[in-house]
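Colleague: Below is a structure I'd like to ask you about.
The values are calculated or read from the model by the stated rules, or taken from the named source; none is laboratory data. Computed from a prediction, not measured in an experiment: that's the story for all the values here. Cβ coordinates were reconstructed from backbone atoms using ideal geometry, including for glycine residues, and neighbour counts include every protein chain displayed.
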Amino acid sequence: MKLSLPLAMLLALSLAPAARAANEADYKAAYAAAEAASREAAGMRNQWTVTVSALAAAKKAADGGDFDRAVAAAKEAEALAKASIFQATSEKEAWKAMEIR
Amino acid sequence: MNARFFLLGSLSAALVAFALTSPRVIAADKVDPVADAKAFQNFFFQKFPTVKHEDFVNGPYSMNEDMKRQWQEKEEFPPYEFALDAGKEMFATPFRNGKTYADCFPNGGIGIRQNYPYFDTGEGKVVTLELALNRCREANGEAPYSYVKDEMASLTAYMAFTSRGKPMDIKIPDDPRALAAYENGKRYFYTRRGQMNFSCASCHVQSPGERIRAEILAPALGILNAMPIYRSEWSGMGTTSRRFVTCNSQTRAVPLEPQADEYRDVEYFLSYVANGLPISGPGARP
């Protein structure tokens with residue numbers, strides 16, 4: 001159960017074939033999705049530093065016209081943000097397992 | 001770096017982290033700070049039976065004899081002395097309106113560190129010493145200090161110094177909001193965060209005495225009693241706020257803003273479970 005979401009994301013991303021070069025529209029879509037997920041994570045007060053870096057890397061690559069790299073980084077940012085959301089959600093109860101009692 | 005590889009690399013790190021999460025779930029029960037503190041202290045007393053109880057407040061030095069010897073030698077010319085002198089002077093210097101910090105605190109601010117943080121029933125929130133100092137400044141028309149810089153560290157160093165040896169004495173008033181703040185602090189302490197999927201407890205409960213890079217991890221018991229601390233790595237003093245921010249970043253979690261509710265609450269929790277252990281601040285770390 002705990003593994004399912006990140007695992008699914010990992011599989012989806014690793015199997016996705018890079019059929020053609022990405023363009024600006026691909027980047028914009030990927031970036032918007034990543035940004036939405038990262039905003040949700042921040043709202044749960046559980047942003048990861050690596051999500052922020054991946055978003056920045058996506059933007060930088062796009063500014064330099066490298067949309068392949070930009071899309072890859074945006075997708076990574078989205079996956080990381082989703083993992084952090086998953087973490088925050090499961091920790092709502094799971095923290096108790098760590099408690100000294 | 002190949003983008004796809006980078007992607008897989010960092011995702012697998014997240015995956016590994018999740019795989020390590022214990023799936024054990026424990027039914028919620030009522031909040032009992034007295035029982036918590038007892039269990040918390042016993043855990044450390046049993047885990048480190050040769051460490052004297054009052055020694056836990058010396059962070060990494062309680063965990064390692066060699067380090068402790070070096071530290072005791074260093075204490076003859078402590079590296080926080082500069083901050084201490086500065087703090088003392090700042091504390092005595094009147095604001096532009098003629099008042100001083102002493103006017104803001106019980107007992108003129110001397111020997112009271114062990115009572116912070118406290119739960120303010122008026123505000124309905126935890127008030128830390130750092131927060132109280134800045135509120136004192138603002139109430140007297142002065143700009144607040146940065147929570148992570150030298151001035152704040154100097155002031156708290158001086159206030160801790162005047163309280164050395166006094167047992168931590170944190171109260172939880174009979175107010176459901178106080179209990180909720182305590183519980184929230186406890187939750188924050190045990191909640192895993194960041195890409196590394198670590199909670200504060202992963203390092204300071206499960207691994208005290210162990211090395212992480214060049215540092216020896218301090219035990220969570222009494223972990224705030226020595227604040228603020230001088231660190232060679234920082235080549236200067238660090239406040240409690242600065243330490244929390246640094247610890248969050250180490251797990252690849254974006255830190256909260258200094259004095260966020262969660263930080264105030266975790267300070268309340270950690271200080272409460274250290275009740276009875278002496279104030280030892282300011283501290284010095286290698």
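Colleague: Condition first: under 27 Å from B:Ala39 (Cα atoms) and touching an Asp or Glu at 6+ places or on another chain (Cβ under 7 Å). Can you find one or more residues in segment B:261-271 that meet it?
Modeller: no
Colleague: Now a separate question. Starting from segment B:233-250, take each residue that is more than 17 Å from B:Cys203 (Cβ to Cβ) and list its partners that are among the acidic types (Asp, Glu) and at pLDDT 95 or above, counting only C-beta distances under 8 angstrom and pairs at least six apart or across chains.
Modeller: Final answer for the pair search is B:Gly236/B:Asp150; B:Met237/B:Asp150; B:Thr239/B:Glu130; B:Ser241/B:Glu130.
Colleague: Then there's this: Based on what the data block shows, is B:Pro167 surrounded by fewer than 16 Cβ atoms within 10 Å (Cβ to Cβ), touching a helix residue (DSSP H, G or I) at 6+ places or on another chain (Cβ under 7 Å) and not hydroxyl-bearing (Ser, Thr, Tyr)?
Modeller: It is true that B:Pro167 is surrounded by fewer than 16 Cβ atoms within 10 Å (Cβ to Cβ), touching a helix residue (DSSP H, G or I) at 6+ places or on another chain (Cβ under 7 Å) and not hydroxyl-bearing (Ser, Thr, Tyr).
Colleague: Quick check on B:Glu262: is it closer than 28 Å to B:Ser163 by Cα, touching a residue at least 24 places away in the same chain (Cβ under 8 Å) and away from chain A (no Cβ under 12 Å)?
Modeller: No, not satisfied.
Colleague: Can you say whether B:Ala102 is among the small types (Gly, Ala, Ser) and touching a residue at least 24 places away in the same chain (Cβ under 8 Å), as far as the supplied structure shows?
Modeller: no
Colleague: Another question, then. Which one of B:Thr239, B:Thr251 is of a type in the set (Ser, Thr, Tyr), within 22 Å of B:Lys125 (Cβ to Cβ) and at pLDDT 95 or above?
Modeller: Answer to the check: B:Thr239.
Colleague: Looking at segment A:77-101, which of its residues are aromatic (Phe, Trp, Tyr) and closer than 30 Å to B:Phe45 by Cα?
Modeller: Listed by number, the list holds a single entry, A:Trp95.
Colleague: Right, next: Mind counting the residues in segment B:170-205 that are surrounded by fewer than 21 Cβ atoms within 10 Å (Cβ to Cβ), more than 14 Å from chain A (Cβ to nearest Cβ) and part of a helix (DSSP H, G or I)?
Modeller: 4
Colleague: Against the condition over 27 Å from B:Phe189 (Cα atoms), touching a residue at least 12 places away in the same chain (Cβ under 8 Å) and buried (at least 16 other Cβ atoms within 10 Å of the Cβ), how does A:Ala22 come out, does it pass?
Modeller: yes
Colleague: So, in segment B:232-259, exactly how many residues are over 24 Å from B:Tyr118 (Cα atoms) and away from chain A (no Cβ under 14 Å)?
Modeller: Residues flagged as over 24 Å from B:Tyr118 (Cα atoms) and away from chain A (no Cβ under 14 Å) within segment B:232-259 amount to 5.
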